Each structure stands twice: as C-alpha cells, then as structure tokens.
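This report refers to the structure that appears directly beneath it.
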Amino acid sequence: MNWFICFLISLIAAPLLVGVINKIKALFAGRHGPRLLQLYYDIFKLLKKDRILSSTSTCIMELCPIINLGAVIVATALMPMAGYESPLGFNGDIILFFYLFALGRIATIFAALDTGSAFEGMGASREAQFSAIVEIIVFTIITFLALISAGGFSLDLLQQISISSTGVGLAITPLLLIALAFLIVLLCENCRVPFDDPETHLELTMIHEAMILDNAGPDLAIIHYAAALKLWAMSGFLVVLVLPSVIVNGFVTICCYLVGIILVGIIVGVIESILARARFLKVPQLLLSAFTIALIAILLLSIFKY
Amino acid sequence: MITNSIEIILAIILLTDIVLVASSRLFHCIKITAIQGIAVGLLPLFIWDWSNSTPTLQLWITSIVNAGIKGVLLPILLSKAMRHSSIKRELEPLVSYSASVFIILIIITASFYFSQFMNAPATDICRFTTPTALSTIGAGLFMIIARKKAITQALGFLMFENGISIFGNGIGIEYGFIIELGILLDVLVLVFIMGITVFNINREFSHIDSDRLNQLGDYDHSKQK
C-alpha cells in the first residue's frame, strides 16, 4: 500500500523536480526564474497541439516516444520506493532496471536517426558514445552493491540498495564514494550540466535536445515527461542508497524519501549553477574519473573486508 | 563515529588526488591543492581521541598553522606566480590526462595492496591512513614527472609533502608535528624559489616549460647543427 502511494506520487510529482532544479539555477543567477510548475504547463500545452511528422520519417518515429515512456515507467515500477519492496521485484531486477533506461535511450536514438536529419544523427552519435562509457560505471556500481548486499551476492534491487539498514554501518566511506560515482552517472544519463546543457540550443553543444528537434505536440510532451520521470527515478535510487532505510512508520519514511529526492534536485541545481559544461573531449575523462572512484570503493571493500 | 570522520577526510584527500591529476587548468589545480592542504592540516584534530581529553594547545597551534600555510598562504603565492607568468593551463603534458587517471588508479591500487603487508602503527588509528599517504606521495611524484610547467611541478611537490604529513600524523610519533613544521618551512622556501624561478624562466624564454632547461649552460646545442 505504502509502495503504491510512493509510485503514484512519483508519477504525479516527477516534473516538479525539474522545476526545483530550474528554480535553484535561477536563484543562483539572481533571476526570478520559471514557476515551479512550469513543466506541467508546458506538457499540457503540448498535449493540446497537433502531432506533426516529418515526411521522411516512418512508423519508428511514431512508436519511439511511447516505447521510451513505457520503459521508464516500468523501471520506476521496479524501484523499491522508500524501502518498500516493489510488487514487480525479482532477483536480478537491478540489471533490468538499468537496461530499461537503456531501452528508452535506444528508442530515442532510433527516432532521431529516423528523421533523416544530419543534425539529429550527430546528437544520436554523442548520446550513444557517452552511454557506452556510462555502462561500465553502472556495472561497477552494481558489482559493489552486490558485494555489500544484505543476502550475500545478490542482484535484487531491494536487497542491494537497502544496505545501510543492515548493520553494514562501517562501510560508510565506500558507500559515499559509490554515491558520488552514481551522482555523476545520474548527471550524464539525464543530460545535466557537466555533460549536456538542457537549456542550450546551440547546435554544437547539445545532445539530448538535438535528438528531439523534430518531435512536436504530444510526442514532445511524452518525451519531456519521460525525461522528468527518469530523473525522479534515478534520484530516488540515490536517496535509498544513501539514506538508512529504517522503516519507522509509513508516513515519516515516505516524507524522508520525498525530502531526499528534492535535496538531490537542489544538489543538481547547485552543480549546474557553479559548473560550466565540459568540452566533449573532456567528457570521457570525467566519466573515467567516476569509474576510478567506483573502483576505489570496491577496492576498499575487498581489501578491508567491512 | 570518529573513525568514520577520519575515513571521510582521507577519502576526500584521495578524491583531490584524482581531480588534481586529471585537471588541466592551473587555477583549478591550485584551488584543489588548497582544499587538500586544509584537509591534511586539520587531520591531527580528527585523529585525536576526543573522548578522553581535548587536544593540547600545541596540537591546536600546529594543525591550524599547518592548514593555514598549506591551504591559504602557499596557494596565494602559487597563484601570484601563475599570474606573473600569465599562463592559465598546462597544454601539453607529457602524459595525457586520461592516461594520468589510469596511472593514478594503478598507484592507488598498488598502495592499498602493499600497505596490507606493512605493520605500520598507523593501522591502529585508521587502516585507511597508510594507503592514502602512499598514494598521495605516489600521485605527487607522478605530477613532478609527468608535467612540464614549473608551477604544476611545485604542486606535485606540495602533494608529496602532504603525503608525508598524512603518514606522520597516522604514526603519531611524539613531537612529529614539530618535524612536520620543519618540512613545511622547506616547502615554503621551495615555493618562494619556484616563484622566482618561474618568473625568471618566463622572462627569459616566454614560457615555463622546465623540460627545456637543459638547453641552458655554456655548451650551445644550436651551434652544433
């Protein structure tokens, strides 16, 4: 029951997180900034519009936003929210969790290639390159979580990310390192600032925006919503990873979870305000540093046997 | 809890090692060194066993002086030298930045592996101390070898000194802090000399690549050709 409440809140409140990030950025820049609910207005406006398809595109273009949204919703449904197990959970679901995001991404890439625009092809190429490097980091993180998980070497999402409650309290340092690596993964996967600027429309700098230039109307609304939900789900993963998930009582735990997610939004907003977007040549190096951090965490764990 | 805070400080020092080796902008490097210096300087206060007694006046003074010199004074001197020579970034390192990250990974792995076999008393305080000290020393040496600019080499020397300081703090020898203040004086003098040298190299050659210093001397290579 508590899990369903969390799931419903996720589906409804996901665009709010983007609003929080934009508000923080506006605060740093001394502007008034868009309203917190701006993304809702945008989505409703786009839903009322007609769908326009390029004449060169095929059915792939029509299908892909739906596939993307479906993949992200199923991935969110696999998440153990606030420490409650998802009804869909099974052993090994953590791999499905990350690969559903990959499915959503490949759908976006296909749609971008289907429009036949060279510009969107460029965006697709960049997205594919970065996500290939991110996969290594994700697998390092999964390995770490499997090593530390409650029931031995477990690939179960709930077992893996509710570690901080199972008396492995000594492993705080490696856990914080892993959280840092996952924060970098989160920034890269959701096209946030050191990797991609969600606000820019300069042709040389964008990745995600370049791929969705030809989508209009409801399609664009679906893509925006899926992106917001993905950000929410990954922030939730980070929160459950770091917070000790001792279930005191349902209401308090859910509140802590939601506050944690908003906190992740604030951190992302601060990072976006104080950092500039990295050059494309620098991006693999940044991801490599995240990989190093994750490896050090595994090293600490295996040498010191927490 | 205290052990955890020591571990987190040491993890921050490890992270600054990685970031320092991977970043090319000199001002950024100097800021990271300042963070590392403050963390290393304040480390003795974290190592101190607070449950029994509060730290002695001697410890307070040494650690605050340490943090002040490493975290404030030396970075200011270095950024002055940087501004004098008007260079902003290390453009052509001898080892590329991605390769540097890999090498630092190898250094860290090796120091974690080998410090297992060391029966240093540092393990009594926190088992994390010796490997962090060794990898900071290794990273500093690597910076001295793999970078051309004189300022980056001075930064590498600072890291090297930070590593020795962590090691000394971890062992906790009596009056170790006074010895470290002596080392710190050496480093201070080194940075002064480096600043003057950087300025002079820059005025003479309009760059500060120290690998071309071997062209100095009476023997003229250009006439040979």
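Measuring how big chain A is from its alpha-carbon positions, Rg and Dmax come out at 19.1, 61 Å.
One Cα centroid belongs to segment A:14-82, the other to segment A:105-120; the line between them spans 18 Å.
Going by accessible area, probe 1.4 Å, with all protein chains left in place, what is the ranking of A:LYS23, B:LYS70, largest first?
Ranking A:LYS23, B:LYS70 by accessible area, largest first, yields A:LYS23, B:LYS70.
For segment B:86-116 versus segment B:182-197, the spacing of their alpha-carbon centroids is 24 Å.
Using the membrane-span-like helix rule (whole DSSP H runs, Cα extent along the own axis of at least 20 Å, mean Kyte-Doolittle hydropathy at least 1.0), which helices of chain A qualify?
On the way: long enough: A:2-29 (38 Å, 1.77); A:59-78 (29 Å, 2.02); A:93-114 (31 Å, 1.71); A:118-148 (45 Å, 1.38); A:172-189 (25 Å, 2.63); A:218-242 (36 Å, 1.55); A:250-274 (36 Å, 2.40); A:282-304 (33 Å, 2.11).
Those that clear 20 Å and a mean of 1.0 are A:2-29, A:59-78, A:93-114, A:118-148, A:172-189, A:218-242, A:250-274, A:282-304.
Rounded to two decimals, the Cα-based Rg/Rh of segment B:2-207, with Kirkwood Rh, is 0.98. Under the criterion of Cα pairs below 8 Å and six or more residues apart, the relative contact order for segment B:2-207 equals 25 percent.
Ligands, DNA and RNA aside, B:ASP49 has an accessible area near 80 Å² when probed at 1.4 Å. Computed on chain A, with alpha-carbon pairs under 8 angstrom and 6+ residues apart, the relative contact order is 29 percent.
Evaluate the Debye formula for segment A:224-306 with equal point scatterers sitting on the alpha carbons, no solvent, and hand back log10 of I(q)/I(0) at q = 0.12, 0.20 Å⁻¹, in q order, two decimals. Debye curve over Cα of segment A:224-306, log10 I(q)/I(0) at q = 0.12, 0.20 Å⁻¹: -0.56, -1.12. Rolling a 1.4 Å probe over the protein heavy atoms of segment B:1-88, with every protein chain left in place, gives an accessible area that is 72 percent carbon and sulfur. In the complete set of protein chains, residue-level accessible area for A:HIS224 is approximately 60 Å², probe 1.4 angstrom. Taking a ≥ b ≥ c as the square roots of the eigenvalues of the Cα gyration tensor, an a/c ratio of 1.5 or more together with a/b no larger than b/c marks segment A:1-120 as oblate. Computed from protein heavy atoms with a 1.4 Å probe, the total accessible area buried between A and B is close to 1900 Å². A 1.4 Å probe over all protein chains sorts A:PHE119, B:PHE27 by accessible area into B:PHE27, A:PHE119, starting with the largest.
Taking all protein chains as they are arranged and a probe of 1.4 Å, the heavy atoms of B:TRP50 leave approximately 110 Å² accessible to solvent.
The values are calculated or read from the model by the stated rules, or taken from the named source; none is laboratory data. As the structure is a computational prediction, the values presented were derived from the model and not from experiment. The accessibility values were calculated without ligands, DNA or RNA, using every heavy atom of the protein model including side chains. Shrake-Rupley method; radii C 1.70, N 1.55, O 1.52, S 1.80 Å.
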